[in-house]
1. Do you know which residues across segment 208-243 are more than 28 Å from Arg401 (Cβ to Cβ), open to solvent by 30 Å² or more (accessible area, probe 1.4 Å) and of a type in the set (Gly, Ala, Ser)?
2. Quick one: in segment 31-45, which of the residues that are part of a helix (DSSP H, G or I) and under 22 Å from Val122 (Cβ atoms) is most open to solvent (accessible area, probe 1.4 Å)?
3. Among the residues in segment 60-73, are any open to solvent by less than 60 Å² (accessible area, probe 1.4 Å), among the β-branched types (Val, Ile, Thr), within 28 Å of Glu333 (Cα to Cα) and in a helix (DSSP H, G or I)?
4. Only one of Val393, Val386, Val368 is over 30 Å from Ala186 (Cβ atoms), of a type in the set (Val, Ile, Thr), open to solvent by less than 50 Å² (accessible area, probe 1.4 Å) and without any contact (Cβ under 8 Å) to a residue 40 or more places away in the chain. Can you tell me which?
5. Can you find even one residue in segment 128-142 that is at pLDDT 95 or above and of a type in the set (Lys, Arg)?
6. If you check Ala344 against the conditions, is it crowded, with 17+ Cβ neighbours inside 10 Å, within 30 Å of Asp318 (Cβ to Cβ) and of a type in the set (A, V, I, L, M)?
7. When you look at Ala431, is it more than 20 Å from the chain's Cα centre (by Cα), hydrophobic (A, V, I, L, M, F, W, C) and assigned to a helix (DSSP H, G or I), yes or no?
8. Any residue in segment 415-444 that's touching a residue at least 24 places away in the same chain (Cβ under 8 Å): show its pairings with residues that are among the hydroxyl-bearing types (Ser, Thr, Tyr) and surrounded by 16 or more Cβ atoms within 10 Å (Cβ to Cβ) at Cβ separation under 7 Å, as long as the two are six or more apart or on different chains.
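The values are calculated or read from the model by the stated rules, or taken from the named source; none is laboratory data. Computed from a prediction, not measured in an experiment: that's the story for all the values here. FYI the Cβ positions are ideal-geometry reconstructions off the backbone, even for glycines, and counts take in every protein chain you see. Ligands, DNA and RNA are stripped out before the accessible areas are found, and what is left, the full protein with its side chains, is counted by its heavy atoms. Shrake-Rupley method; radii C 1.70, N 1.55, O 1.52, S 1.80 Å.
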Amino acid sequence: MGSASLMIRQLYSLLMWAAQPFLRRKLRRRGLAEPGYLDAIEERFGHYTLPAETASELVWVHAVSLGETRTAGILLAALRARWPGVRILLTHGTATGRAEGAGLLRAGDVQVWQPWDSQAAVARFFTHFKPRLGLLLETEVWPNTVAGAQARGVPLVLVNARLSDKSLQQALRIAWLSRPAYAALAAVYAQSDNDAERLRKLGARVEGVFGNLKFDAAPDAAQQDLGRRWRQAVGRPVLMLASSREGEEDEFLKQITALALSTRAQAAPEKGATGKPSPATADFRILIVPRHPQRFDEVQALVEKHGLSVSRRSSWADAPVAADVWLGDSLGEMALYYAMSDVALLGGSFAPLGGQNLIEAAACGCPVIMGPHTFNFAEVAELAEVAGAARRVQDMAEAVRAARAMLIRPAAQQAAATAGRQFSAQHRGAAANTVRALEELLKD
């Protein structure tokens, strides 16, 4: 490492050390809404209660949040099929990721928080666990973590790697810090050729372009069956706002109301359209599934502020309870929600947040309408659009209109649903490719 890069990393290390009190305060605040953030806080600073002698010969898998953890589940299944005795050290950065990850553990596995990227915390992490290999999911390249692994001879591999153009530009602005970190990775397995090209610009050793691991996920069959049965019982099409983010729900409900007014006026122009029509009288049902569980209550309050009634998934027994708006307030049931929906609007894509992954929707046969902001999943979004599994629009108003147009044309909905399933099937195989590439690093 050059002297300038070393000085930059030393300055970065000083800032990360100084930021620790602020991190503790942030965790306490987050813990008020999500108690999981208050669990084992000292692990984030490299202090562990697990005896060191039980932490050896582990393969470290880092999945920062919920989405990455679900992807890690696909990779872990493939790893265990090839190496049945492999022991996993699973780390996370978010409470939802850690909660999801607990269900992936087997006898002998270990789960802790990702160490804060200070030199001391990283050193304690590697000294305690001594992993034989590290697999970082998608984007998680931290300078001190990579340097700490390199100093101890622990190969780190960035798997299912993606890098948006926006993230590349940000990384290039701090190239003296980012380039040594990417260059020190043992290997990078990219999702797409475009991701590979961007990663190489940061000095990464890209040794394979394997596609997206998420394509290898099989949506829960029981959830899909239940969702389809509920959808048939409803008697009307269902429009879902999937993985919605702050601000999107309000705009969605405004556009639904505007559409209802327009439709009512067209149906009875001689009488005029007065008053505020309820979505309960529309020709489709409404389902909102927020991206973050800490916002469930907030979204319910927002819906009620619009003068609409709410029925939450957590209150359902054998079937959805009638209301103006259904609220999907559960985790791990996206297959259920997609199966009971005829069309889904892609959350995070109508505000400049980069969108969400639409692969599970396609696999469940739920057509997707996405806004202009899909930079976090640009390749998948483009491929889905070309395949006919998704459609891009400019804003929420156009999305709602496009959704209703599809809902009242069953043939168009069925064609998009079939295209989604075919699109999903055609892109599988990343897990097998990744495991084959890891053979040399994981051989006995």
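1. Ala217, Ala218, Ala221, Ala222
2. Glu42
3. There is at least one residue in segment 60-73 that is open to solvent by less than 60 Å² (accessible area, probe 1.4 Å), among the β-branched types (Val, Ile, Thr), within 28 Å of Glu333 (Cα to Cα) and in a helix (DSSP H, G or I).
4. Val393
5. No: zero hits.
6. Criteria met by Ala344.
7. Working: more than 20 Å from the chain's Cα centre (by Cα): no; hydrophobic (A, V, I, L, M, F, W, C): yes; assigned to a helix (DSSP H, G or I): yes.
For Ala431, the condition - more than 20 Å from the chain's Cα centre (by Cα), hydrophobic (A, V, I, L, M, F, W, C) and assigned to a helix (DSSP H, G or I) - is not met.
8. Filtered contacts from segment 415-444: Thr434/Tyr189; Ala437/Tyr189.
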